[in-house]
Structure formats: structure tokens, C-alpha cells
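I have placed the structure first, in the form of C-alpha cells, so that the comments after it can refer back to it.
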Amino acid sequence: MSSDSLFKFARIAGVASLAAVAGFLSSCQVKPLYAISTGVTQKLSEVSFSDTGSRVGQEVRNQLIFIAGRGAGETKTPRYTVDLSVSSGTGGVLYLPSSDTSGAGRTTVTVAFTLKEAGTGKVLKSGSRSVTSLVDFPTQEFGKYRAILNSEDRAAREVAQMVAADIAAALSR
């Protein structure tokens, strides 16, 4: 086979593969998750979230209510309910031998959730999400306490956004 024939064959194969890839990509239907036509925004506004027993759990719940209701608050007549279980913990990771304390740490917030239809109790989605937030510990006790609270709040906001995205994806189906 001459190099001319080989070049023509490679060219035809390249054009054919480009046409095949274009055909496959044209069959994909990508649309925004929160588009009005999907109805996700309306469905999210009909979600009610269970109470939690901790300060961090309440932060997660408040963020979820804000995201789902677009700032309008929680619905009075929910079509969907979400059972939340929130846990958090902070631990030191950078040990300072001179003062026998930690100089930095990690705060981890974990949320387990179950999305159900309110009327039937049918489970639509369940899962767990976790976020770790880093924190520096100052030498003052109040500063350390405040740094831990800020770290918990940051992690709670982030994990709430992840859970809200999971719920929106489940409701878009």
C-alpha cells in the first residue's frame, strides 16, 4: 500500500469518526437543573425538612430551607419531606509539643438524609454527604471556641448545598 493510499484511508477514517462523535453528542440533552421547564424550583419549594437536635443540625436545616424556598421560608403544605440526621466533630491535627495543644484542626459535618413523598411515604432518594472544614486554633479560649463555631457554620453551609443539589436532582426525574 502506498503512502498516498494510507493517507487517504486515515483521512476518511478521521472524517467518519468526527461524524460519529457529532452524531452521538447531538443526541445528548443537557438542560439546566433549575430551569423553569423542569419544575424543580416548584418541587423544591414544596419540601419540608425535619427538626434536628443540635446547633449544627439547625444551621444545615436553615440553609436547606433557604435554598429550597428561595428565601421565602418553609412551605405550609409539603408534598415532600426530608428526614435529616446531622453529626459534627472537631479534632486537632497539628500538635504543638511546646504548649501541649493543637494549633490547627478539622471540623467535619455529616448529613444523612431521606427524601420521601409526604402522602405515601415512598422513598425517592436517600444518601449521606460529608464536608470537612479546616480551622486554626488561637491561644485564647474564646477565640478558639469562636473559630470552631465559624468552622462548623462553613461546613454546614457547604454540606447543605450538596444535599440540596442531591434533592433537586432526585426531584427533576
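The values are calculated or read from the model by the stated rules, or taken from the named source; none is laboratory data. Just so you know, these numbers come straight off a predicted model, no measurement behind them. For neighbour counting, all protein chains shown are included, and Cβ atoms are generated from backbone atoms with ideal geometry for every residue, glycine included. Just so you know, the surface numbers come from the protein's heavy atoms only, side chains and all, with ligands and any DNA or RNA stripped out. Shrake-Rupley method; radii C 1.70, N 1.55, O 1.52, S 1.80 Å.
Structure values in brief
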read-out: The lone exception for K31 - which of (1) at pLDDT below 70; (2) of a type in the set (K, R); (3) not in a loop (DSSP other than H, G, I, E, B) it fails; value: (3)
read-out: Residue match in region 133-149 (condition: under 18 Å from V47 (Cβ atoms), in contact with an Asp or Glu (Cβ under 8 Å, 6 or more places away or on another chain) and without any contact (Cβ under 8 Å) to a residue 40 or more places away in the chain); value: no
read-out: Odd one out for K43 among (1) free of Cβ contacts under 8 Å to residues at least 60 places away in the same chain; (2) open to solvent by less than 70 Å² (accessible area, probe 1.4 Å); value: (1)
read-out: Yes/no for A168 being outside any strand (DSSP E or B) and at pLDDT 95 or above; value: no
read-out: Residues that are open to solvent by 40 Å² or more (accessible area, probe 1.4 Å), assigned to a helix (DSSP H, G or I) and more than 14 Å from G105 (Cβ to Cβ), drawn from region 124-164; value: E141, F142, R157, E158, Q161, M162
read-out: Filter result for E59 (touching a strand residue (DSSP E or B) at 6+ places or on another chain (Cβ under 7 Å), open to solvent by less than 80 Å² (accessible area, probe 1.4 Å) and among the charged types (D, E, K, R)); value: no
